[in-house]
1. Just a yes or no: is a residue in the stretch 62-78 open to solvent by less than 10 Å² (accessible area, probe 1.4 Å) and not in a loop (DSSP other than H, G, I, E, B)?
2. Restricting attention to the stretch 143-159, which residues are modelled with pLDDT of 80 or more, in contact with a Leu (Cβ under 9 Å, 6 or more places away or on another chain) and outside any loop (DSSP other than H, G, I, E, B)?
3. Select from the stretch 197-242 the residues that are part of a helix (DSSP H, G or I) and free of Cβ contacts under 8 Å to residues at least 24 places away in the same chain and list them in ascending order.
4. Which members of the stretch 155-196 meet the condition of being free of Cβ contacts under 8 Å to residues at least 60 places away in the same chain, within 29 Å of Met61 (Cα to Cα) and out of contact with any Gly (no Cβ under 7 Å at 6 or more places or on another chain)?
5. Scan the stretch 252-290 residue by residue and report those that are open to solvent by less than 40 Å² (accessible area, probe 1.4 Å) and among the hydrophobic types (A, V, I, L, M, F, W, C).
6. Just to be sure I understand, how many residues within the stretch 15-56 are open to solvent by 50 Å² or more (accessible area, probe 1.4 Å) and within 17 Å of Ser270 (Cβ to Cβ)?
Amino acid sequence: MWLLLAFMSAALLGCYDSFKKQALKRNAVIPVLTLNTLFSSLIFLPFIVLSATGTLPDGSMFHVDSGGWAVHRYIVLKAVIVLSSWVLGYFGMKHLPLTIVGPINATRPVMVLVGALLVFGERLNGWQWIGVLLAVASFLMLSRSGKKEGIDFKHDHWIYMIVGAAALGALSGLYDKFLMAPPSEGGVGLDRMMVQSWYNIYQLLMMTAMLMLLWWPKHKETTPFHWSWSILGVSLFLSTADFMYFYSLSLPTAMISIVSMIRRGSVVVSFLFGALFFHEKNLRAKAVDLALVLIGMVFLYIGSR
């Protein structure tokens with residue numbers, strides 16, 4: 001069941017990335033991201049209210065548990081990590097082709113493994129090392145493809161933003177499993193709906209402050225904002241994809257390493273959108289880069305079983 005949910009989440013995540021690219025087209029980043037957090041919060045606010053009033057019974061699929069600061073502090077940290085990743089990712093995606101952003105984001109499982117190697121002293125097996133090396137090779141090849149479009153991976157700060165967003169996204173994935181793992185397994189044991197509902201609320205508060213303090217005072221001097229229905233699509237696809245993702249992680253047998261790899265399969269959907277709807281260039285070379293990433297994920301999957 002958790003595998004099926006992970007695959008469904010991956011497909012929806014690919015649509016989310018594609019709608020995000022469209023929403024950011026010649027548009028101001030901060031108000032777009034603020035509206036995304038607003039719509040996502042509005043989707044989950046009824047579940048918070050209905051759960052608090054007892055209309056949604058405890059144990060139902062959409063019930064949101066209650067808790068004090070001892071619990072919410074973990075969710076606030078989750079919101080900070082995710083929002084930092086989103087801010088970097090939104091700015092990077094606005095200025096880079098989707099067919100370059102997708103494969104870079106697909107290296108997140110590799111970042112998780114390398115982080116475990118450096119921070120926790122874990123040792124990778126042969127299959128995992130092959131997966132890491134293939135991901136590194138794909139990144140180097142992708143940099144060559146980018147040069148054909150005037151993108152220098154070594155000096156392009158938008159590339160650094162996408163890489164930073166991917167690294168924070170990998171950190172967020174590890175933190176998610178910690179939040180929802182039971183205390184007997186070293187986790188916090190939080191309710192999945194509580195995490196998803198409240199971290200959206202906290203992100204909205206943070207983005208509203210950023211909008212008013214950073215963007216609004218200088219909005220006439222920067223890229224103007226215009227409404228696009230794709231902004232609403234971003235929130236709908238992301239909320240649904242994350243619901244399935246958190247539901248998958250909440251199941252007892254779920255493995256974060258496998259779920260993370262499957263979720264990165266969303267790059268296939270976003271790559272197709274980039275080719276068919278955004279008419280991006282150098283698709284043949286980028287397809288080879290993408291294939292290396294996907295093959296690398298297969299090796300990571302085999303090594304993590």
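The values are calculated or read from the model by the stated rules, or taken from the named source; none is laboratory data. Keep in mind the model is a prediction, meaning the values are calculated, not measured. With ideal geometry, Cβ positions are generated from the backbone for all residues, glycine too; neighbour counts draw on all protein chains shown. Each accessible area value is taken on the protein alone, full model and side chains, heavy atoms only, with ligands, DNA and RNA left out. Shrake-Rupley method; radii C 1.70, N 1.55, O 1.52, S 1.80 Å.
1. Yes, the stretch 62-78 contains at least one residue that is open to solvent by less than 10 Å² (accessible area, probe 1.4 Å) and not in a loop (DSSP other than H, G, I, E, B).
2. Answer for the stretch 143-159, where residues must be modelled with pLDDT of 80 or more, in contact with a Leu (Cβ under 9 Å, 6 or more places away or on another chain) and outside any loop (DSSP other than H, G, I, E, B): Trp158, Ile159.
3. Taking the stretch 197-242 and keeping what is part of a helix (DSSP H, G or I), we get 197-221, 229-242.
Selection gives Leu205, Ala209, Met212, Leu213, Trp216, Pro217, Lys218, Lys220, Glu221, Trp229.
4. Passing the criteria: Ser184, Glu185, Gly186, Gly187, Gly189, Arg192.
5. Passing the criteria: Ala254, Ile256, Ile258, Val259, Met261, Ile262, Val267, Val269, Phe271, Ala275, Ala285, Leu290.
6. Matching residues across the stretch 15-56 total 3.
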